[in-house]
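*Asks:* One structure is given below, represented as structure tokens, and several questions about it will come after.
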Amino acid sequence: MSSPRVTRIVWPLFRIVIGLLFTCHGLSSLFGFFGGKGGTGESVPVGTWPGWYAALIQLVCGLLVLVGLFTRPAAILASGSMAYAYFVVHQPHGLMPIQNGGVTPALYSWTFLLIAVLGPGAWSLDELITTRRSSPPAVREPEHV
């Protein structure tokens, strides 16, 4: 049994951490940050399929999920890209993720699917935009001179 108050705090923190970690994968692959490709400090050559495009998706979708902007579409794209990575890159080397090195893409795929289904939660730009759109405009009193 979960408390709505705890969920309101933990869910956005979960989304933020997952977005940050995914962003770091993109930065690592695109720019060699954090050790780059395979810890060598190298980046993926621009335009190479599928690595460069996957890294771009990781960077952009990770940032969007991190700040909670267009969260659901970004999470769907991230989930799909990780499912592709699992089935195309990892599964040919073994059935189970623990055998084929695909634990990380499998976890990311399901995690982003969960974020897409449940939405961004509190502390997101999506929530801020929705709140501002749904609240009536403030009525300002005329200033007397």
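The values are calculated or read from the model by the stated rules, or taken from the named source; none is laboratory data. Bear in mind that the values here come from a model prediction, so they are computed numbers and not experimental data. Cβ coordinates were reconstructed from backbone atoms using ideal geometry, including for glycine residues, and neighbour counts include every protein chain displayed.
*Asks:* Name the pairs: first residue in segment 51-79 and at positive phi and surrounded by 17 or more Cβ atoms within 10 Å (Cβ to Cβ), second residue among the basic types (Lys, Arg) and in a helix (DSSP H, G or I), Cβ to Cβ under 8 Å, at least 6 apart or on different chains?
*Replies:* Filtered contacts from segment 51-79: GLY68/ARG15.
*Asks:* A further question on this structure: Mind counting the residues in segment 91-109 that are within 21 Å of TYR53 (Cβ to Cβ) and touching a Ser or Thr at 6+ places or on another chain (Cβ under 9 Å)?
*Replies:* Of the residues in that region, 3 qualify.
*Asks:* Going through segment 62-81 one residue at a time, which ones are among the β-branched types (Val, Ile, Thr) and over 15 Å from PHE14 (Cα atoms)?
*Replies:* Result: ILE76, single match.
*Asks:* Next question, about the same structure. Regarding segment 110-120, can at least one residue be identified that is out of contact with any Asp or Glu (no Cβ under 8 Å at 6 or more places or on another chain), at pLDDT 95 or above and not in a helix (DSSP H, G or I)?
*Replies:* Within segment 110-120 (the criterion being out of contact with any Asp or Glu (no Cβ under 8 Å at 6 or more places or on another chain), at pLDDT 95 or above and not in a helix (DSSP H, G or I)), the answer is no, since none of the residues qualifies.
*Asks:* Identify, from the list GLN99, GLN91, the residue that is farther than 17 Å from LEU20 by Cβ and in contact with a His (Cβ under 8 Å, 6 or more places away or on another chain).
*Replies:* Unique residue meeting the criteria: GLN99.
*Asks:* Return the pairs, sorted by first residue and then second, in which the second residue is β-branched (Val, Ile, Thr) and surrounded by 13 or more Cβ atoms within 10 Å (Cβ to Cβ), the first residue lies in segment 1-27 and is free of Cβ contacts under 8 Å to residues at least 60 places away in the same chain and closer than 19 Å to TRP110 by Cβ, the beta carbons are less than 6 Å apart, and the residues are 6+ apart or on different chains.
*Replies:* GLY19/VAL65
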